[in-house]
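*Asks:* To start, I am sharing the structure in question, which I have written as structure tokens.
The values are calculated or read from the model by the stated rules, or taken from the named source; none is laboratory data. What you are looking at is a predicted structure, and each value in this text was computed from that prediction instead of being measured. The accessibility values were calculated without ligands, DNA or RNA, using every heavy atom of the protein model including side chains. Shrake-Rupley method; radii C 1.70, N 1.55, O 1.52, S 1.80 Å.
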Amino acid sequence: MREIFAGVPGEAELRAPLDGAALGAAERRLGRAVPARLGALLRETDGVADAYGTDVVWPLAHIVEQNLLFWSGEAFAGLYRPFDALLFFGDNGGGDQFALVVAPQRDDVFVWDHETDSRMRVAGGGSTSICGALSHRTGTRAATGGGIRYAVADPRTGYFP
């Protein structure tokens, strides 16, 4: 995956990879398995930050903390529909978050809008890859490598290609 972003200096920060033990510990805390595609991504980089420092793919520790908070129901009761079927893994820096569908587990990736509680499907439906959003100053592009497809959001609209 590092090769995917090597030609785009300053636009994406990839962190050190995780090992299987860290992933296993996180799964025990979550009480469910991390989807295989997300696990594969985290084994290559523990999160991805865009040029502005936004963690578009969160580090594993943040994934665990955010999901435990969202699944508790206490913080968001009465404000939003339940989040039990989703596993959040990143955000766009403006409050909207990226999530994988985990119940029932499938390859769909959604963007949750924190203002409207809408959950818009942006990838999946039989896809063999997951999408992570990376904001760039120069329009849209998509990169594929290592079995993972990254849809790059257009910074002017926030939409995926």
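*Asks:* Assuming 0.36 nm per residue, please report the length gained on full extension of the stretch Ala16 to Ala77 beyond their Cα-Cα distance. Let's see the in-between values first.
*Replies:* Working: separation 61, 0.36 × 61 = 21.96 nm, distance 3.60 nm.
Contour length minus the Cα-Cα distance gives 18.4 nm.
*Asks:* Mind grabbing the accessible area of His114 for me, 1.4 Å probe, Å², rounded to tens?
*Replies:* 50
*Asks:* For the stretch 24-77, which whole percent of the accessible surface, found with a 1.4 angstrom probe, sits on carbon and sulfur atoms?
*Replies:* Of the solvent-accessible surface of the stretch 24-77, carbon and sulfur hold 52 percent.
*Asks:* Counting only the heavy atoms of the protein chains, how much of Arg29 is accessible to a 1.4 Å probe, in Å² to the nearest 10?
*Replies:* 130
*Asks:* Might you work out the accessible area of Val102 for me, using a 1.4 Å probe with all protein chains in place, and round it to the nearest 10 Å²?
*Replies:* 20
*Asks:* Rank these residues by their accessible area, most exposed first, probe 1.4 Å: Trp112, Trp71. Working shown, then result.
*Replies:* Working: Trp112 10, Trp71 40 Å².
Sorted descending by solvent-accessible area, the residues read Trp71, Trp112.
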